[in-house]
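**Q** There's a structure below that I have some questions on.
The values are calculated or read from the model by the stated rules, or taken from the named source; none is laboratory data. Just so it is clear, the structure is predicted and the values come from calculations on it, not from any experiment. Cβ coordinates were reconstructed from backbone atoms using ideal geometry, including for glycine residues, and neighbour counts include every protein chain displayed.
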RNA sequence: GGGUUUGUAGCUCAGUUGGUUAGAGCGCACGGUUCACAUCCGUGAGGUCACAGGUUCGAGUCCUGUCAAGCCCACCA
């Protein structure tokens, strides 16, 4: 053995061997209950970052259960990650001076596909690099045909069950990304802004968005507000355009805020939209989808809202309608991806009715059929489920499967189309306005986007003709599915569930579903876990997992979240290269409490690297003694039964070992991985090396059985945390002690977990 | 506004159901090259466990309040 442990010499070699021997693939034994975890599928848009290394917690559980002799499956996958990926790709395009608008959707899709394939392979390599005991023979990708086929069937089923509808309402629209977002995808930030008091003649209103006055359709006051009682039903006048609107009463209006009178702009504010619906007010738009002003006045039209605000204020001031300006700190919604301000806009989107679907989920969590760890998340999870809103599943991007609905253009002439013509010219307009100039083939070939009015008729099956008029000029919806619609069915699709005919699902499904543990970052508890449960119950009538285990976020030394923009993202491959995978793995686990943030520092990784070296050298010491003594290497009969040893030190260390086994076991069962590792570290380094090993130097030969017993037991306990170095040492010993009972298993990875009474 | 978590050594954090002198890693001080390891070994300094009350024979650990920080949720224009 070398003087130092050099991970580079062993890691890849050992991983390949494990893989070759099929150790990652569970042996299905119907008499035994399997232990199953689905890997939270990494986004194929990006290489993995250090946060992903937290999957090591899953690896620890998997390896532990494998050593307990359970059929153990850890199923890997890759996610096409719709918006995320398209966003990353568009940034790449931008560097080349291009944008998504330069390509028709087929071309763009193909380009992204190619880009993603590269990253998918990189992701797989990185997971192997970290030693993850994933069953690669069951790997799935969210865009593979079988998976997509299933999720389309789910859409159909939801539709047949009347749980899908199209709705026109205010959505969170990012004019930069060009798509709507669900409420979950909107970040909120505090911003110092101003509150402007405007003179509407009969009444004064206060607003932060003076540029939207052109789309006002009413002014609302609280019915209990004495100041305005007399004005209800009267009129107010919008400045600059001198338009008269009604003053209405609604208790959603806060009396205390501003003047207590609220201008109602249903097209550009969610609250206003709600009030507008209630009072049957019209919808006037003054900001279009690319973020520019329309339907205003000639000084403003065509400007972006920011400039428009400035200009509007200027004009208001000049006309004496700007009464006063107050500073105001409030929160605004921004796009979680590009950080631009979210524009609430009215659009038609596809929704899933979620209220009913959430009921069995709530029951399951309440009754404890599905548990959460740490348990404190139960409350917030239930809270979200109980107040769930309908789920907008449509996204206006190309990257992902399109919603399987078709529109006949003849039957829906008001459909708005955007496409690139044969001559490479971008064309926009309603079908009714352009059908005479462009053939259907030309439109379909260069199609970028279509936008159908909410009342448009669609059909679900691509039959070859419109079921209504029999025509063949129809186009598929260009909206794609929200990524979570696909990954929300991950436990079902990857295990071979058959949506159309559940009884015909694959054997894997019946054996492994529900899975044992779902471990993930709490960031996506609602995004992902919530949807998986909803769809799991809806389709399979069972929870997808028995336990939801939430792990922590990795932050830098100063407690800052790792993000690219901060430039503090650590590259796991680089760390592995420098310190070894085991060191990185242990650095993320050692001394952490469940679901609290983890500050990763280079010092800590170094400390863990030193620990792997300590293991290595203690082993080297034992091996050297083994070789220099008269120890018969090939037989186990020569060994004394460790239990019969009389020496006090021996007894003490063995008692300590027994206690350690018990404690590690207890901690692992309670998901206290940090504690478990700390216990092993302390025992091995200080009790075993510093103390016992030093003491027995004078009677090495005699102590050999004890040394071996303690070493192998520690290797086993440590294996889930540091699989490589432990396996490397085990193999080194195995070569010398082939027949020894401690080295029966071909690989430490599949050896038997230490039992309490084994000493 | 509602919810939730955290506040323990210079730094990053453990401390499981309340039980003897409160722990680790890193850092710091001093001392060690002997045949496992300088990625090492030994010795040591350093904490009124945020603050104030309470329960208890006994509290870092349970309860109440205060202060501070973080996170999540929410339609304050």
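**Q** Within segment A:312-341, can you find the residues that are out of contact with any strand residue (DSSP E or B) (no Cβ under 8 Å at 6 or more places or on another chain) and in contact (Cβ under 8 Å) with a residue 60 or more places away in the chain?
**A** Scanning segment A:312-341 gives A:312, A:315, A:319.
**Q** Answer yes if at least one residue in segment A:573-583 is surrounded by fewer than 21 Cβ atoms within 10 Å (Cβ to Cβ), at pLDDT 80 or above and more than 24 Å from residue A:7 (Cβ to Cβ), and no otherwise.
**A** no
**Q** Now for a different question. When you check residue A:671 against the structure, is it within 42 Å of the chain's Cα centre (by Cα), surrounded by 20 or more Cβ atoms within 10 Å (Cβ to Cβ) and not in a helix (DSSP H, G or I), yes or no? Before the answer, list the steps.
**A** Values: within 42 Å of the chain's Cα centre (by Cα): yes; surrounded by 20 or more Cβ atoms within 10 Å (Cβ to Cβ): yes; not in a helix (DSSP H, G or I): yes.
Criteria met by residue A:671.
**Q** Search segment A:367-381 for residues that are closer than 13 Å to residue A:530 by Cα and within 9 Å of RNA strand B (Cβ to nearest atom) and pair each with any residue that is at pLDDT below 90 and assigned to a helix (DSSP H, G or I) when their beta-carbon atoms are under 7 Å apart and the residues are at least 6 apart or on different chains.
**A** Short answer, once both residue conditions are applied: A:377/A:522; A:377/A:525.
**Q** Return only the number of the condition from (1) assigned to a helix (DSSP H, G or I); (2) over 30 Å from residue A:266 (Cα atoms) that residue A:131 does not satisfy.
**A** (1)
**Q** Is it the case, given these coordinates, that residue A:240 is surrounded by fewer than 21 Cβ atoms within 10 Å (Cβ to Cβ), in a loop (DSSP other than H, G, I, E, B), more than 13 Å from RNA strand B (Cβ to nearest atom) and free of Cβ contacts under 8 Å to residues at least 24 places away in the same chain?
**A** Here the answer is no, as residue A:240 does not meet what is asked.
**Q** Let me ask another. Regarding residue A:312, is this residue within 15 Å of RNA strand B (Cβ to nearest atom), at pLDDT 90 or above and either part of a strand (DSSP E or B) or surrounded by 13 or more Cβ atoms within 10 Å (Cβ to Cβ) (or both)?
**A** Taking the combined requirement at face value, the residue satisfies it.
**Q** When segment A:243-301 is examined, which residues are found to be part of a strand (DSSP E or B), more than 40 Å from the chain's Cα centre (by Cα) and either more than 9 Å from RNA strand B (Cβ to nearest atom) or free of Cβ contacts under 8 Å to residues at least 24 places away in the same chain (or both)? Walk me through how you get there before you give the answer.
**A** From segment A:243-301, those part of a strand (DSSP E or B) are A:243-249, A:261-264, A:287, A:293; that's our starting set.
Those left that are additionally more than 40 Å from the chain's Cα centre (by Cα): A:243-249, A:261.
Answer for segment A:243-301, where residues must be part of a strand (DSSP E or B), more than 40 Å from the chain's Cα centre (by Cα) and either more than 9 Å from RNA strand B (Cβ to nearest atom) or free of Cβ contacts under 8 Å to residues at least 24 places away in the same chain (or both): A:243, A:244, A:245, A:246, A:247, A:248, A:249.
**Q** Still on this structure, please answer the following. Of all residues in segment A:549-571, count the ones that are away from RNA strand B (no atom under 14 Å from the Cβ), under 29 Å from residue A:376 (Cβ atoms) and modelled with pLDDT of 85 or more.
**A** 1
Results for (1) at pLDDT 90 or above; (2) surrounded by 13 or more Cβ atoms within 10 Å (Cβ to Cβ); (3) farther than 30 Å from residue A:141 by Cβ, shown as yes or no for each residue.
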{"site": "A:406", "(1), (2), (3)": "yes, yes, no"}
{"site": "A:417", "(1), (2), (3)": "yes, yes, yes"}
{"site": "A:435", "(1), (2), (3)": "no, yes, yes"}
{"site": "A:438", "(1), (2), (3)": "yes, yes, yes"}
{"site": "A:442", "(1), (2), (3)": "yes, yes, yes"}
{"site": "A:456", "(1), (2), (3)": "yes, yes, yes"}
{"site": "A:462", "(1), (2), (3)": "no, no, no"}
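**Q** Having 1 or more residues that are within 23 Å of residue A:751 (Cα to Cα), within 16 Å of RNA strand B (Cβ to nearest atom) and touching a strand residue (DSSP E or B) at 6+ places or on another chain (Cβ under 9 Å) is the bar; report the helices (runs of 4 or more DSSP H) wholly within segment A:5-97 that clear it.
**A** Hits in segment A:5-97: A:56-67.
**Q** Which ones in segment A:135-148 are under 23 Å from residue A:72 (Cα atoms) and more than 19 Å from the chain's Cα centre (by Cα)?
**A** A:135, A:136, A:137, A:138
**Q** Here's another thing I want to ask about it. Kindly indicate whether residue A:395 is in contact with a strand residue (DSSP E or B) (Cβ under 9 Å, 6 or more places away or on another chain) and at pLDDT below 95.
**A** Yes: the conditions hold for residue A:395.
**Q** Here is a follow-up. Can you name the residue in segment A:692-705 that is out of contact with any helix residue (DSSP H, G or I) (no Cβ under 6 Å at 6 or more places or on another chain) and more than 7 Å from RNA strand B (Cβ to nearest atom) and, of all such residues, is nearest to residue A:740 (Cα to Cα)?
**A** My answer is A:704.
**Q** Oh, and also: Of everything in segment A:426-445, what is closer than 21 Å to residue A:178 by Cα and out of contact with any helix residue (DSSP H, G or I) (no Cβ under 9 Å at 6 or more places or on another chain)? Give them in sequence order.
**A** Within segment A:426-445, A:429, A:430, A:444 qualify.
**Q** Are there any pairs, at least 6 apart or on different chains, whose C-beta atoms fall under 9 Å, with the first in segment A:422-433 and within 14 Å of residue A:445 (Cα to Cα) and the second assigned to a loop (DSSP other than H, G, I, E, B), and if so, which?
**A** A:422/A:438; A:422/A:446; A:424/A:446; A:426/A:446; A:427/A:421; A:427/A:437; A:427/A:438; A:427/A:446
**Q** Hey, can you tell me all the residues within segment A:589-607 that are more than 8 Å from RNA strand B (Cβ to nearest atom) and out of contact with any strand residue (DSSP E or B) (no Cβ under 7 Å at 6 or more places or on another chain)?
**A** A:589, A:602, A:605
**Q** Now for a separate question. Anything in segment A:331-354 that is surrounded by fewer than 16 Cβ atoms within 10 Å (Cβ to Cβ) and either part of a strand (DSSP E or B) or within 15 Å of RNA strand B (Cβ to nearest atom) (or both)? List them, or say none.
**A** Listed by number, the residues that qualify are A:331, A:332, A:339.
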